[in-house]
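Asker: The structure follows.
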Amino acid sequence: MKRNLFPFTLLLAGVMMLASCLNDEDDSIKITYYGDAALTSFSVGTLTRTYLNNKGEALKSTVDGTDSTTTVDGSKYKFTIDQLKREIYNADSLPAGTAVSKVVCSLASKNSGVVYVKRMASDTLDYFTGNDSIDFKDKRVFRVYSTDGQSYRDYNVEIRVHKELADSFEWQREDVSNILPDLGKYKGVKIFAMGENVFAMVNDGATSFVMRKGINDNSRWNTVTPNVNTVFSPDAYKNVATLDGWIYMLTNGIMFKSKDGAEWQNVNVQGVENLKQLVGASATKLYAITQNGMASSKDGEVWTDVALDGDKNLLPTGSISFCTMPSTTNKGVDRLVMVGNSAKADTAAVVWGKIEDYSEEQDSYSWSLYEGNYKKELPNMAGLSVVRYDGRLYAIGGAGLGGSTAQPYAQLYFSKDQGLTWHKSTLFTLPADMPKDVDPNTLSMTTDKYNNVWIISASTAQVWKMRINRLGWKTEQTAFSE
């Protein structure tokens, strides 16, 4: 540790006088001075926060006319002390707009060592008291001295404030006309993500082909050439699901699987003629609509019928989305949600749900048709596309079907109760430049493991990508040992 005696001349003199007085009264009292110095805790009090708009600018007032400032309870934000690097910081940053120019903080030091704060513009040290406010717009240096006055330790203290609004986002558009040059030719598309890649299967009117792109690289989309001679049917794009790192596809009565969209293997399906449409997968099983209702499979080969609690004639027949929602109360349990169109549906889309308990050897749960509240149902829309994102379900779609008055791609809908009720989203909006007058079968949405949302429009050869800011913030290390 560094050595410095000057700041302690008066301190030691006072301590010696106190010790002398104590010895006069009781020679049995002894004072021990320690040679080590460290800060052991740090916290801040109540802070002021100004609300910001989506551009990060301070608001003069909120939309309801109330004050545009509020307070933040700083005690809820834990500060990490890295004794090796001698750094103190809050791993969970304060909300954007929080003022840190006048902060009252509390701290503790080892063996009650004395603490000083270095001034921002010089090396002058000021004695720290818990009543003074400190400017933390930049990192500050706190110095703690050992009680014997022989050593000290400096800490760089930083109060972190988010630069971005937690729920703000920006859509980024990419042109893919190099792969989709013949606008108007394409009849359907399904976009999906697996591992480090995002894929799109496109119906060009005669066949289905695969596009692929790395999620986090800057390369352009490229077409994937399959290794099999089989021509994928135009409807193959509707029959795609991913499980355990494999892409499964049903085409022309044949099941294939692939790790990368290029190298495909034949899957020997028992009773493949019974499968009508491959719809999705849970964490351990594929699901398909069959001639008799629904079936599941752990490997794509052996399929087992799944019970239905509802009219099988109301199973979705078009624009089917399949989402897995982890249970918030039970570990190892998911809620499966299947949404789509049905010729027998009215103004609302059909929504089915099922509990998936991964601890069960035999599946004891059935698929149930949701009977929703009329005013809170998801509108029946052409080209429905539903994804799980940020703990909710989000849906988009084209023009209303079955008497629904929904306008094409005018609104994002969300459900926070696993598909039971639906509401118009005021937090998220679709890309401003996304076309609304396209064939809804040529527009599809998905999410990836990095919390990105992807939308592809095959009709206009465009792809959009976005992520809300807080889902991209890193979780930092908060525990250290010397």
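Asker: Over region 308-416, what is the relative contact order in whole percent, taking alpha-carbon pairs under 8 Å and six or more residues apart? Present the calculation step by step, with values, prior to reporting the outcome.
Answerer: On the way: 242 pairs, mean separation 25.8, N = 109.
Over region 308-416, the number comes to 24 percent.
Asker: By counting other Cβ atoms within 10 Å of each Cβ, how are Lys465, Lys118 ranked from fewest to most? Could the numbers behind the result be given before it?
Answerer: Values: Lys465 19, Lys118 15.
Least crowded to most crowded, the residues run Lys118, Lys465.
Asker: Let me ask something additional. Where does region 129-235 land on the Kirkwood hydrodynamic radius, alpha-carbon pairs, in angstrom? Each step should come with its number before you reach the end.
Answerer: Numbers: mean 1/r = 0.0505 Å⁻¹.
Hydrodynamic radius (Kirkwood, Cα pairs) of region 129-235 is 19.8 Å.
Asker: Can I ask one more? Which one of Ser359, Gln407, Thr242 has its Cα pushed farthest toward the positive end of the charge dipole of region 172-472, where Lys and Arg give +1 and Asp and Glu give -1 at the Cβ?
Answerer: The residue sitting farthest along the positive end of the dipole is Gln407.
Asker: Checking the table Lys76/Lys163; Lys213/Lys331; Lys312/Lys436; Lys259/Lys436 against a 29 Å threshold on Cα-Cα, which pairs fail?
Answerer: On the way: Lys76/Lys163 19 Å; Lys213/Lys331 33 Å; Lys312/Lys436 32 Å; Lys259/Lys436 34 Å.
Where the Cα-Cα span goes over 29 Å, the pairs concerned are Lys213/Lys331; Lys312/Lys436; Lys259/Lys436.
Asker: Oh, and also: With an 8 Å Cα cut-off and a minimum separation of 6 or more residues, compute the relative contact order for the chain in percent. Intermediate results must be reported in sequence, preceding the final value.
Answerer: Values: 1095 pairs, mean separation 58.1, N = 482.
Contact order relative to length: 12 percent.
Asker: Tabulate in residue order the Karplus-calculated ³J(HN,Hα) for region 84-96, using 6.51 cos²θ - 1.76 cosθ + 1.60 with θ = phi - 60°, rounded to whole Hz; enter x for Gly and Pro.
Answerer: Each residue's phi maps through the Karplus curve to give 6, 8, 6, 10, 10, 7, 9, 5, 8, 5, 5, x, 4 Hz.
Asker: Kindly provide log₁₀ I(q)/I(0) values, in the same order as q = 0.07, 0.10, 0.13, 0.15 Å⁻¹, from the Debye equation applied to equal alpha-carbon scatterers of region 172-472.
Answerer: -0.24, -0.51, -0.90, -1.26
Asker: In straight Cα distance, which aspartates and glutamates are under 14 Å from Lys85, not counting same-chain residues fewer than 8 positions off?
Answerer: Asp154, Glu158, Glu482
Asker: Sort out for me the Cα centre separation of region 394-443 from region 126-198, rounded to whole Å.
Answerer: Going from one Cα centre to the other spans 31 Å.
Asker: Which peptide among 404-416, 168-180, 382-394 comes first, and what is the full order, when sorted by highest mean count of other Cβ atoms within 10 Å?
Answerer: Going by the mean number of other Cβ atoms within 10 Å, highest first, we get 382-394, 404-416, 168-180.
Asker: Under a point-charge model restricted to the Cβ atoms of Lys and Arg (+1) and Asp and Glu (-1), what is the dipole moment magnitude of the chain relative to its Cα centre, in debye to the nearest 20? Please list the in-between numbers first.
Answerer: On the way: 51 positive and 56 negative charges, 188 e Å.
Value, rounded to 20: 900 debye.
Asker: Order these peptides, 358-365, 345-352, by their mean beta-carbon neighbour count within 10 angstrom, highest first. If you can, show how the numbers build up before the last one.
Answerer: Numbers: 358-365: 10.5, 345-352: 22.2.
Sorting 358-365, 345-352 by mean packing, highest first, produces 345-352, 358-365.
Asker: Given H placed 1.01 Å from N in the peptide plane, which residues other than close sequence neighbours of Thr242 have an amide H under 5 Å from its amide H?
Answerer: Placed amide hydrogens put Tyr248, Ala281 under 5 Å from Thr242.
Asker: In deg cm²/dmol and to the nearest 500, what is the mean residue ellipticity at 222 nm of the chain if only DSSP H runs of at least 4 residues count, each as -39500 (n - 2.57), divided by the residue total? Don't skip to the end; give the middle numbers.
Answerer: Values: 1 runs with 17 residues, N = 482.
Counting only the DSSP helices, I get -1000 deg cm²/dmol.
Asker: Oh, and also: Quick check: the distance between the Cα centres of region 210-266 and region 292-358, to the nearest angstrom?
Answerer: 23
Asker: Note the angle between two axes, namely the Cα long axis of helix 9-25 and the longest principal axis of the Cα atoms of the chain, as a number of degrees from 0 to 90, rounded to the nearest 10.
Answerer: 70
Asker: Could I ask something else about it? Evaluate region 320-439: find the radius of gyration of its Cα atoms, find its Kirkwood radius, and give the ratio Rg to Rh.
Answerer: 1.00
All of the numbers you see were taken from the coordinates with simple rules; none came from a lab. If you're wondering where the values come from, they're calculated on a predicted model, not measured in any experiment. With ideal geometry, Cβ positions are generated from the backbone for all residues, glycine too; neighbour counts draw on all protein chains shown.
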